[in-house]
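Peer 1: Take a look at the following structure, please.
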Ligand code: AMP
């Protein structure tokens, strides 16, 4: 079964795409947590960070280059932003097609909710 995000890559379901090339696709999150909230995904359906391989290094590195460019386009590079990749249940991953959240446009506050350890 193709993931929801594979269908977005293939153009089978609509998304607000801000960038697409032969390796990655970036589109606006349907439920934005900040003024700018874009998801950057490999076109290849890697389920989680646990599933990445050395063969994926070029694509994964390219996701950072695309994040840099989108942050600039969106006008949030100077003030700053956050990149988040959730993995599995404790990471809060909901869609099992690896994705990088690019969030910004406001001060984002502490990195994690909840109690401190140590
Ligand atoms: P995660 O919890 O890291 O798996 O994040 C999944 C993200 O995908 C959430 O922020 C959702 O709002 C977002 N999302 C789910 N469905 C869509 C969709 N059809 N288009 C854009 N973003 C989506």
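Peer 1: Among residues belonging to the stretch 27-52 that are touching a helix residue (DSSP H, G or I) at 6+ places or on another chain (Cβ under 8 Å) and part of a loop (DSSP other than H, G, I, E, B), point out the one that is nearest to residue 108 (Cα to Cα).
Peer 2: Here the residue is 48.
Peer 1: Moving to a separate point now. Return yes or no: is residue 13 in a loop (DSSP other than H, G, I, E, B) and within 12 Å of the ligand (Cβ to nearest atom)?
Peer 2: In short, yes.
Peer 1: Would you confirm whether or not the stretch 19-37 contains a residue that is more than 13 Å from the chain's Cα centre (by Cα), away from the ligand (no atom under 12 Å from the Cβ), at positive phi and modelled with pLDDT of 95 or more?
Peer 2: Checked against the condition, which is being more than 13 Å from the chain's Cα centre (by Cα), away from the ligand (no atom under 12 Å from the Cβ), at positive phi and modelled with pLDDT of 95 or more, the stretch 19-37 yields no hits at all.
Peer 1: Sticking with this one: Do you know which residues across the stretch 1-13 are free of Cβ contacts under 8 Å to residues at least 60 places away in the same chain and out of contact with any helix residue (DSSP H, G or I) (no Cβ under 8 Å at 6 or more places or on another chain)?
Peer 2: If the condition is that a residue be free of Cβ contacts under 8 Å to residues at least 60 places away in the same chain and out of contact with any helix residue (DSSP H, G or I) (no Cβ under 8 Å at 6 or more places or on another chain), then 1, 2, 7, 8, 9, 10, 11, 12 are the ones that fit.
Peer 1: Hey, could you check the stretch 16-26 for residues that are touching a helix residue (DSSP H, G or I) at 6+ places or on another chain (Cβ under 7 Å) and part of a strand (DSSP E or B) and say which is nearest to residue 61 (Cα to Cα)?
Peer 2: Here the residue is 24.
Peer 1: Out of 106, 58, I need the residue that is in a loop (DSSP other than H, G, I, E, B) and more than 17 Å from residue 5 (Cα to Cα). Which one? Before you say what the answer is, go through the steps one by one.
Peer 2: Values: 58 fails: in a loop (DSSP other than H, G, I, E, B).
Exactly one of 106, 58 is in a loop (DSSP other than H, G, I, E, B) and more than 17 Å from residue 5 (Cα to Cα), namely 106.
Peer 1: Filter the stretch 82-118 down to the residues that are touching a residue at least 40 places away in the same chain (Cβ under 8 Å), on the phi > 0 side of the Ramachandran plot and exposed (fewer than 14 other Cβ atoms within 10 Å of the Cβ) and list them by number.
Peer 2: Of everything in the stretch 82-118, just one residue is touching a residue at least 40 places away in the same chain (Cβ under 8 Å), on the phi > 0 side of the Ramachandran plot and exposed (fewer than 14 other Cβ atoms within 10 Å of the Cβ), namely 88.
Peer 1: While we're here: Working only within the stretch 78-118, note down all residues that are out of contact with any strand residue (DSSP E or B) (no Cβ under 6 Å at 6 or more places or on another chain) and near the ligand (Cβ under 8 Å from one of its atoms).
Peer 2: Scanning the stretch 78-118 gives 86, 91, 92, 93, 94, 95, 96.
Peer 1: Quick one: in the stretch 14-23, which of the residues that are in contact with a strand residue (DSSP E or B) (Cβ under 6 Å, 6 or more places away or on another chain) and touching a residue at least 24 places away in the same chain (Cβ under 8 Å) is surrounded by the most Cβ atoms within 10 Å (Cβ to Cβ)?
Peer 2: Result: 18.
Peer 1: Based on this model, can you work out whether residue 65 counts as surrounded by 17 or more Cβ atoms within 10 Å (Cβ to Cβ), more than 12 Å from the chain's Cα centre (by Cα) and farther than 21 Å from residue 109 by Cα?
Peer 2: Values: surrounded by 17 or more Cβ atoms within 10 Å (Cβ to Cβ): no; more than 12 Å from the chain's Cα centre (by Cα): yes; farther than 21 Å from residue 109 by Cα: yes.
Criteria not met by residue 65.
Peer 1: When the residues of the stretch 63-77 are narrowed to those that are part of a loop (DSSP other than H, G, I, E, B) and in contact with a strand residue (DSSP E or B) (Cβ under 8 Å, 6 or more places away or on another chain), which ends up farthest from residue 43 (Cα to Cα)?
Peer 2: Start the filter on the stretch 63-77 by keeping residues that are part of a loop (DSSP other than H, G, I, E, B), which leaves 74-77.
Next, only the ones that are in contact with a strand residue (DSSP E or B) (Cβ under 8 Å, 6 or more places away or on another chain) stay: 74, 76.
Numbers: 74: 22, 76: 25 Å.
For the stretch 63-77, the residue satisfying everything is 76.
The values are calculated or read from the model by the stated rules, or taken from the named source; none is laboratory data. Because the structure is a prediction, the values reported are computed rather than measured. Virtual Cβ from ideal backbone geometry, glycine too; neighbours counted across all protein chains shown.
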